Amino acid sequence: MLKFYIIYSILIILISLYLKNKIFISNYTGDSHQLYSNDKNIPLIGGIFLIIPSLLINYESISYFVIVILITLAGFFSDKKILTSPKKRFIFQLTLVFFSVVLLNLEILSARIDFFDSILQVKTFNLVFTTFCLLILINGSNFIDGLNSLLLIYMILVITILFKLDLISSFAQNENLIKYFLYFLIILTILNLFNLLMMGDAGAYLLGFFIGYLIINCHKANPLVSPYFFISLIWYPCFENLFSIIRKLKSKFSPLKPDNKHLHQLMYIFIRKNFFKKKLSANNVSSLLINIVNLSIVYISSLKPYSSIHQIKIITVSLIIYTVVFILLNNKINKHE
C-alpha cells in the first residue's frame, strides 16, 4: 500500500503541474468570496485527488464507499455551479449526513452531563444531534478553506494529535492507511501553498466529513477520554460556522450565503494592507499565523485529554481569542474603508 501512495502522490504532483493555470474546474466563478485572496484559474481538484485515499480508509464498507462518493459529488456540484441554490445544497447535505450517521452507526455517547447524557440514550435524539454536529463541522471546514493550507494544516494537526495519543489504533482496522492519508494531506498542502490546486467545496466537504467520522469513532472507542477534548480538536471550524450564522442573522443576511467577513478573510486583508502586497504571500502568511495559534490550542488540549475541566477552559479561551481578534480586525478594517 505504501508503494501505491508513493506512485499516486507522484501522479498527483505531475497532474497538478500540468493543469497549472489551465481552466479545469477553475476557482474562478465571479463570486467575491472566492477571488479576494487568490489568482484566477486555480484548479479545484484537491477533493477529486482525495477521494481514493478517503475510500481506502474503510474500503470494505459499501455504505462508507457510497457516502464518500456522494459527499464529494455534493461539493463538486457546488464547485461547478450545478447545485447553486443554498437551500437545495443544505437539504442535500442534511440528507447525506443523516444517512451517513445511520448507516455508519455514528453516535455521540456522552457529554459528561447527566441530564444531557440521559437524552443521548434516546436513539432519535442521538441521531439528530450527531447529524447536527457533523453538519456544523463539514460546513465549518468549508468556511475556513478560504486561505491556502488553512483547512489542510488544521486537519493535519488534528490527525497528528490523535496519533500522538494513540486514540486511532483502538478502532482502526489498518492504522497505516490513516497514516498514509495523513502523509497525502501534506502533499496536498504543499501543492495548495504554491497555488497549484485548491480543495474546493468537494475537498472541504470530504475532509470535514472524514475528520468527523474519525473523531466520532475515536470518541466511541475511548470513552474515558473527555468528549470535550474532541471538541477542543475541532473547535475552530465548528465555531467559525456557528459564529458566522449568528453574525449573519444579526446583520439580517442569509446564513446560507457566503460573505467576506470570516476571521481568516479579515486577517488576510489586514496582513496584505500592512505587510505583504502580493496576494500569495499575504494568503500563506495569514493561514500560517492562524494555524500557529491553532497548534498551541490543540497541543495544550492534548496534555490532559481525560480532564473535562481542562478542556472546557481551553475551549473557553479559544472562543474568547477568536471573538476578540475578530472584533479588533473588523473594527480596524472598517475604519479604513
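The values are calculated or read from the model by the stated rules, or taken from the named source; none is laboratory data. It should be emphasised that the depicted structure is a prediction, and the values quoted were computed from it without experimental measurement. All Cβ positions, glycine included, derive from the backbone under ideal geometry; neighbour counts span all protein chains shown.
Screening Ala221 against (1) surrounded by fewer than 22 Cβ atoms within 10 Å (Cβ to Cβ); (2) touching a Pro at 6+ places or on another chain (Cβ under 9 Å); (3) under 22 Å from Ser169 (Cβ atoms) leaves a single unmet condition, (2).
Summed over segment 249-279, the residues that are over 19 Å from Ser149 (Cβ atoms) and either outside any helix (DSSP H, G or I) or under 20 Å from the mean Cα position of the chain (by Cα) (or both) give a count of 12. Filter segment 210-259 for residues that are over 30 Å from Phe184 (Cα atoms) and among the aromatic types (Phe, Trp, Tyr) and give the result. Within segment 210-259, Phe243, Phe253 qualify. In segment 270-282, the residues that are closer than 17 Å to Asn260 by Cα reach residues that are exposed (fewer than 11 other Cβ atoms within 10 Å of the Cβ) with C-beta atoms within less than 9 angstrom, at least six apart or across chains, in these pairs: Arg272/Lys278; Lys273/His336.
In summary, Gln34 fulfils each of the numbered conditions (1) modelled with pLDDT of 80 or more; (2) within 17 Å of Lys279 (Cβ to Cβ) with the single exception of condition (1).
For Ile231, the test of being within 16 Å of Asn139 (Cα to Cα) and not in a loop (DSSP other than H, G, I, E, B) is passed.
Okay, residues lined up against (1) closer than 19 Å to Ser244 by Cβ; (2) touching a residue at least 12 places away in the same chain (Cβ under 8 Å); (3) buried (at least 18 other Cβ atoms within 10 Å of the Cβ); (4) hydrophobic (A, V, I, L, M, F, W, C):
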| site | (1), (2), (3), (4) |
| --- | --- |
| Asp79 | no, yes, yes, no |
| Gln121 | no, no, no, no |
| Thr160 | no, yes, no, no |
| Ser170 | no, yes, no, no |
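I need the full set of residues from segment 302-325 which are part of a loop (DSSP other than H, G, I, E, B) and surrounded by 15 or more Cβ atoms within 10 Å (Cβ to Cβ), in order please. Of everything in segment 302-325, those that are part of a loop (DSSP other than H, G, I, E, B) and surrounded by 15 or more Cβ atoms within 10 Å (Cβ to Cβ) turn out to be Lys304, Pro305, Ser307. Considering each residue of segment 326-335 in turn, none proves to be assigned to a loop (DSSP other than H, G, I, E, B), loosely packed, with under 12 Cβ neighbours inside 10 Å and of a type in the set (A, V, I, L, M).
This table checks each residue for (1) farther than 21 Å from Ile6 by Cα; (2) within 17 Å of the chain's Cα centre (by Cα); (3) of a type in the set (Asp, Glu).
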position	(1), (2), (3)
Gln173	yes, no, no
Phe194	no, no, no
Gly200	yes, yes, no
Tyr205	yes, yes, no
Tyr236	yes, yes, no
Phe239	yes, yes, no
Arg247	yes, no, no
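Yes or no: Ile91 in a helix (DSSP H, G or I) and either touching a helix residue (DSSP H, G or I) at 6+ places or on another chain (Cβ under 7 Å) or without any contact (Cβ under 8 Å) to a residue 60 or more places away in the chain (or both)? Here the answer is yes, as Ile91 does meet what is asked. In segment 310-334, the residues that are small (Gly, Ala, Ser) reach residues that are surrounded by 12 or more Cβ atoms within 10 Å (Cβ to Cβ) with C-beta atoms within less than 7 angstrom, at least six apart or across chains, in these pairs: Ser318/Trp235; Ser318/Ile297.
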